[in-house]
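Asks: My questions all concern the structure below.
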Amino acid sequence: MREYLLTLILTAAVTYLLTPLIRRVAVATGAMHAGRERDVHTEPVPLLGGLAMYGGLAARLLIASRISPLRTIFSGSRMAAGLLIAGGLLVIVGFVDDRWGLNWVAKLAGQVAAAGVLVWSGAQISWLPVPGGGTLILTQDQATALTILVVVATINAVNFIDGLDGLAAGVVGIAATAFFVYYYTLARVVGLPEQAGPALAGAVLAGACLGFVPHNFYPAKIFMGDTGSMLLGLLLAYAPISSIASLDYASLTEYRFATVNRFPEILPLIPPLAILIIPYADLLLAVVRRTRAGLSPFAPDRKHLHHRLLDIGHSHRLSVLIMYLWTMLFSGTVVWLSVAETPVWILAGVTLIAVLALLLMSMPRFRFWNRARPPARAGGRAPARAAQPASPPPAAASLPPAAAGSVAGEPRPAPRAG
């Protein structure tokens, strides 16, 4: 555990220290993000934060490959080369997009190329569970196509949730921590040493997010841009894909906890799907919403989950924190189910209570204690209601609706910028 924690801390430190320097580079090169109609900010903010996270990733992978406890992970493996090459490719594509702009076809081509590099490094989905038990072994072409699809989908899912200060980095960091806990347990507790690589990838990703969030939380001093969102999506997809590629599901039946023995064929797929449910759900809803409207799935809009939280009255920071809590709920529940000896009814009860609590936080109309109470009766009789004028005052009646509202003491709120 000590070497993994050192990995997380060192990656976070390098990322944190590099971010102010990258901010200066972004300002000097003109890589600035101007406020748009769907954004929640109005002032230009520097981009390219992903360069700092890539620096933290590169520094830690190069150092980890020379530390004896972790050296075995890299021996005979293309893990470091695959992550550095694929990540570097996306950073270049993201830099060009953040500075000059790219169309979605060019960005998609870069994402597919980066996913191909991961396949070359040995990370691919080589089997799937089938109903009734057992697995379906995929051909090389099928495995390559499915892996590329999952990587591209994850990259765009992270890109879609990168709409509020600190949201994408925090959600991905929580998901990466959950991946680390799960794969570390498989590697050290269950005795599956091949899961050490995915555990290391989760620790590196969590560290990069941890180092970047202090600069990116509201009000953000720098944005990660496509440089960062594509890099985070790549790393987030790598951890579960590399795990599935090296994991024999039958080995899970030897685990002493009954919760694992119930569904060993699908257990390797449950944590990734549950941990990534927030970005995947937002991606799916966006694609369905836009295609039904006759738009491209990549057409921007202001109807993502985080925008809806703002629209129902939450502040910027509270909206981000609510998304953090939802991510913790889903990822924590599935990791608990996978690695802890807990009766199912206790897990279900705790999960239900957490869901209800988060619903009360997320949806103000569900808060029964905030509903208007009837006025207190005085002497058993309801207080007399003040007489309401049958028509607006002449001065207000002669004005346009907007001005009338102002005269009546109810100024109309300015439209939200973004």
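Any read-out appearing in this document is the output of simple, stated calculations on the displayed coordinates, not a laboratory observation. Computed from a prediction, not measured in an experiment: that's the story for all the values here. Virtual Cβ from ideal backbone geometry, glycine too; neighbours counted across all protein chains shown.
Asks: Among Trp345, Trp127, Trp326, what is the fewest-to-most ranking by other Cβ atoms within 10 Å?
Replies: Values: Trp345 8, Trp127 18, Trp326 22.
Listing Trp345, Trp127, Trp326 from fewest to most nearby Cβ atoms yields Trp345, Trp127, Trp326.
Asks: Could you give each residue of segment 213-228 its phi-based ³J(HN,Hα) in whole Hz, using Karplus coefficients 6.51, -1.76, 1.60 with θ = phi - 60°, and x for Gly or Pro?
Replies: Those phi angles translate into 4, x, 8, 10, 6, 4, x, 5, 8, 7, 9, 6, x, 5, 4, x Hz.
Asks: Step through the residues of segment 80-97 one at a time and calculate ³J(HN,Hα) from phi using the Karplus curve (6.51 cos²θ - 1.76 cosθ + 1.60, θ = phi - 60°), rounding each to whole Hz and writing x for Gly and Pro.
Replies: Using θ = phi - 60°, the values come out as 5, 5, x, 5, 5, 5, 5, x, x, 4, 5, 5, 5, 4, x, 4, 4, 5 Hz.
Asks: Can you put Lys303, Lys107 in order of Cβ neighbours within 10 angstrom, beginning with the fewest? If you can, show how the numbers build up before the last one.
Replies: Numbers: Lys303 14, Lys107 21.
With the sparsest Cβ surroundings first, the list reads Lys303, Lys107.
Asks: Along segment 281-296, what does the Karplus equation 6.51 cos²θ - 1.76 cosθ + 1.60 (θ = phi - 60°) give for ³J(HN,Hα), rounded to whole Hz, x for Gly and Pro?
Replies: These are the phi-based 3J(HN,Hα) values: 5, 5, 4, 4, 4, 5, 5, 5, 4, 6, 5, 5, 7, x, 9, 5 Hz.
Asks: Enumerate the amide H contacts of His33 below 5 Å, restricted to partners 5 or more residues apart or on another chain; note that Pro and chain-start residues carry no placed amide H.
Replies: Val45, Leu47
Asks: For segment 175-239 and segment 65-111, what is the centre-to-centre distance using only Cα atoms, to the nearest Å?
Replies: One Cα centre to the other: 14 Å.
Asks: Give the order of Met79, Met328, Met1, Met230 when sorted by the count of other beta carbons within 10 angstrom, beginning with the fewest. Let's see the in-between values first.
Replies: Working: Met79 23, Met328 17, Met1 8, Met230 30.
The most exposed by this proxy come first: Met1, Met328, Met79, Met230.
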